[in-house]
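Chemist: Below is a structure I'd like to ask you about.
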Amino acid sequence: MSLQTQILDAGPESHSAPLLVLLVPSGDRPGGLDAVDAAAGGDLVRCYATGDFTGKRDETALLYPPTGRPGPRILLVGMGTLENPRAAIRRAAAVGAKRARVMGVESAAMFLPPIGRGSLSAREAGQLLAEGIAKGAWHFPDFKRPQEDKKPELARIDILAPGESAAVQEGYEIGAAIAAGQLVCRRLQILPGNHLPPRRIAEAAEEVARRGGHTITVLDRAAIEKEGMGALLAVAQGSAEEPRFIALEYRGAEGPPVVLVGKGVSFDSGGISIKPAPNMEDMKYDMSGAAAVLGAFEMLGRLRPRLHVVGLIPSAENMPSASAARPGDVVKSHLGKTIEIVNTDAEGRLLLADALSYARRYSPACAIDLATLTGAISIALGPFAAGLMGTDPALTRALIEAGQRADERVWELPLWDEYKELNKSDIADVKNSGGRSAGSITAGWFLREFVEGFPWAHLDIAATAYSDREDPSTVKGPTGMGVRLLSEFLLARA
């Protein structure tokens, strides 16, 4: 069931819903809520007066109407301080939406008092509320049997915007498009490998293209062989599932395109260099870069900005078998460079190498790749930021700023020439792993070997694409990392 939302020119005291969600920053009780407090029998004032609720981040308090008096339950959601109001609004809306879903109410209303916006406009707040509501309300029950005592599904959350409904509506439409892209991304991410092999990723791309009016080309194994993508084929050769190479194009303007490249390893066993058994099931998330690119194209199809964007997704399954690539094998890439495969578990960079070479035919304004590329990025940055590397300072700066606006933060790592030396091969032009030392950077340097003629940036999202824990704003599992960041980057260019 898709969540419905209306922007209403109504205050919280005049709207009837089973649940009223109030987003409030830390500190004293916000003004303008006297009518709400009266409807709650004074519980709002008492909640603050007793210190039971102070508005700290993720803090909640549920108030019930007085006995015998009709009215909604009131959920107070703390925003914390407003040092970063964009992040605070988005997260508080997610906390409120998630709590509403878990409670089992069929509908709710949400109100952000003007004081909760900080320096932001009503339009900006509308975008952030849309993104947060979608994030918090999402869950994936599809593979579970329905419970006998199943609670009602949350069907709608209305946003109350007295006197500012037009501005909030304008921002909401932007946020809803970005949120739709993130939901496409998260739904693909969570699917296990037997439900999402490369051919299914291609079918999902065709659905996104059909909805958005994008052009799409899908290469099967024979076409990939004809194209000379030896690195992609080396990854795929151990699997019974055939690879795919997907190219989408959104032409909202003329001129050189922005090229987005997403790693699409549908499941990564490590191949002959097989991974340890614990947590290998999480390797279904190794197509998260591809999912983020498809999420960005969902957004483009809905907002139709004046941009030219190309999306490239090389997709394969990395499996061990008698036909799998072996450590020590040498393959020829699409660019013509030879690669010594010293570690078959460093497979994502092989896919991306051929895709970055393929991107040359578009003469791009810039190219950005996203990939769950290295475990080393988790050691370096933890689950709080993606690693960023690139060849163009203006491009990397724009991505950092977009990440700050999207609250999908990135941190730039150096691509000094000394790191290139770690990827030297004795028998080929380059080897696919430089070892454990500076693993994320040497992976980035490997990709740089296949970039010719355009500004390029690499985002290593291995530590941020999914979460192994639940928090008040979202469920455990896929995060949709990259969709908001790409959306902010692209819309700023438009």
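The values are calculated or read from the model by the stated rules, or taken from the named source; none is laboratory data. Everything quoted here is computed from the prediction, not taken from an experiment. All Cβ positions, even for glycine, are placed from backbone atoms using ideal geometry, and neighbour counts span all protein chains on display. Accessible surface areas use protein heavy atoms only, side chains included; no ligands, DNA or RNA. Shrake-Rupley method; radii C 1.70, N 1.55, O 1.52, S 1.80 Å.
Chemist: Return the pairs, sorted by first residue and then second, in which the second residue is open to solvent by 60 Å² or more (accessible area, probe 1.4 Å) and not in a loop (DSSP other than H, G, I, E, B), the first residue lies in the range 448-473 and is closer than 30 Å to ARG101 by Cα and among the aliphatic types (A, V, I, L, M), the beta carbons are less than 6 Å apart, and the residues are 6+ apart or on different chains.
Modeler: Matching pairs, first to second residue: ALA463/PRO383.
Chemist: Being open to solvent by 70 Å² or more (accessible area, probe 1.4 Å), farther than 14 Å from LEU3 by Cα, in a helix (DSSP H, G or I) and of a type outside the set (Ser, Thr, Tyr) is the requirement here; does GLU207 meet it?
Modeler: Details: open to solvent by 70 Å² or more (accessible area, probe 1.4 Å): yes; farther than 14 Å from LEU3 by Cα: yes; in a helix (DSSP H, G or I): yes; of a type outside the set (Ser, Thr, Tyr): yes.
Yes.
Chemist: Inspect all residues belonging to the range 454-465 and state whether any of them is over 30 Å from GLU225 (Cβ atoms) and open to solvent by 60 Å² or more (accessible area, probe 1.4 Å).
Modeler: No, there is no match, as no residue in the range 454-465 is over 30 Å from GLU225 (Cβ atoms) and open to solvent by 60 Å² or more (accessible area, probe 1.4 Å).
Chemist: Here are ARG91, ARG101: which of them is touching a residue at least 40 places away in the same chain (Cβ under 8 Å), open to solvent by less than 50 Å² (accessible area, probe 1.4 Å) and within 23 Å of ALA40 (Cβ to Cβ)? Reasoning before the result, please.
Modeler: On the way: ARG91 fails: within 23 Å of ALA40 (Cβ to Cβ).
Sole residue among the options that is touching a residue at least 40 places away in the same chain (Cβ under 8 Å), open to solvent by less than 50 Å² (accessible area, probe 1.4 Å) and within 23 Å of ALA40 (Cβ to Cβ): ARG101.
Chemist: Being among the hydroxyl-bearing types (Ser, Thr, Tyr) and part of a strand (DSSP E or B) is the filter here, so list the residues in the range 57-76 that pass it. It would help to see each step written out before you state the result.
Modeler: Kept after step one, since they are among the hydroxyl-bearing types (Ser, Thr, Tyr), are these residues of the range 57-76: 60, 64, 67.
THR60, the sole residue that qualifies.
Chemist: When you scan the range 215-315 for strands (runs of 3 or more DSSP E) that lie fully inside it, which ones turn up with 2 or more residues that are of a type in the set (Phe, Trp, Tyr)?
Modeler: The qualifying strands (runs of 3 or more DSSP E) are 244-251.
Residue by residue, here is whether (1) surrounded by fewer than 21 Cβ atoms within 10 Å (Cβ to Cβ); (2) of a type in the set (Gly, Ala, Ser); (3) in contact with a helix residue (DSSP H, G or I) (Cβ under 8 Å, 6 or more places away or on another chain) holds:
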| position | (1), (2), (3) |
| --- | --- |
| ILE339 | no, no, yes |
| VAL342 | yes, no, no |
| ASP345 | yes, no, no |
| TYR362 | yes, no, no |
| ILE368 | no, no, yes |
| THR372 | no, no, yes |
| GLY375 | yes, yes, yes |
| GLY387 | no, yes, yes |
| GLY390 | no, yes, yes |
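Chemist: Residues ALA176, ALA125: which one is in a helix (DSSP H, G or I), over 27 Å from ARG211 (Cβ atoms) and not basic (Lys, Arg)? Talk me through it step by step, then tell me what you get.
Modeler: Working: ALA176 fails: over 27 Å from ARG211 (Cβ atoms).
That would be ALA125, the only listed residue that is in a helix (DSSP H, G or I), over 27 Å from ARG211 (Cβ atoms) and not basic (Lys, Arg).
Chemist: Okay, next question. Filter the range 33-56 down to residues that are of a type in the set (Gly, Ala, Ser) and in a loop (DSSP other than H, G, I, E, B), then give me how many there are. Steps first, please.
Modeler: The first filter runs over the range 33-56 and keeps only residues of a type in the set (Gly, Ala, Ser), leaving 35, 38-42, 49, 51, 55.
Applying the additional criterion that residues be in a loop (DSSP other than H, G, I, E, B) yields 40-42, 51, 55.
Number satisfying all stated conditions: 5.
Chemist: Tell me, which residue of the range 40-71 that is among the small types (Gly, Ala, Ser), more than 16 Å from ILE115 (Cβ to Cβ) and open to solvent by less than 50 Å² (accessible area, probe 1.4 Å) is modelled with the highest pLDDT?
Modeler: From the range 40-71, those among the small types (Gly, Ala, Ser) are 40-42, 49, 51, 55, 61, 68, 71; that's our starting set.
Add one more test, that the residue is more than 16 Å from ILE115 (Cβ to Cβ), and what stays is 40-42, 49, 51, 61, 68, 71.
Now narrow it down to the ones that are open to solvent by less than 50 Å² (accessible area, probe 1.4 Å): 40-42, 51, 61, 71.
Working: ALA40: 73, GLY41: 74, GLY42: 81, GLY51: 88, ALA61: 94, GLY71: 76.
Restricting to residues being among the small types (Gly, Ala, Ser), more than 16 Å from ILE115 (Cβ to Cβ) and open to solvent by less than 50 Å² (accessible area, probe 1.4 Å), the top hit is ALA61.
Chemist: Let me ask something else about it. In the range 1-16, which residues are within 12 Å of PHE111 (Cβ to Cβ) and open to solvent by 20 Å² or more (accessible area, probe 1.4 Å)?
Modeler: Pass one, the range 1-16, residues within 12 Å of PHE111 (Cβ to Cβ): 7-8, 10-15.
Passing the criteria: ILE7, LEU8, ALA10, GLU13, SER14, HIS15.
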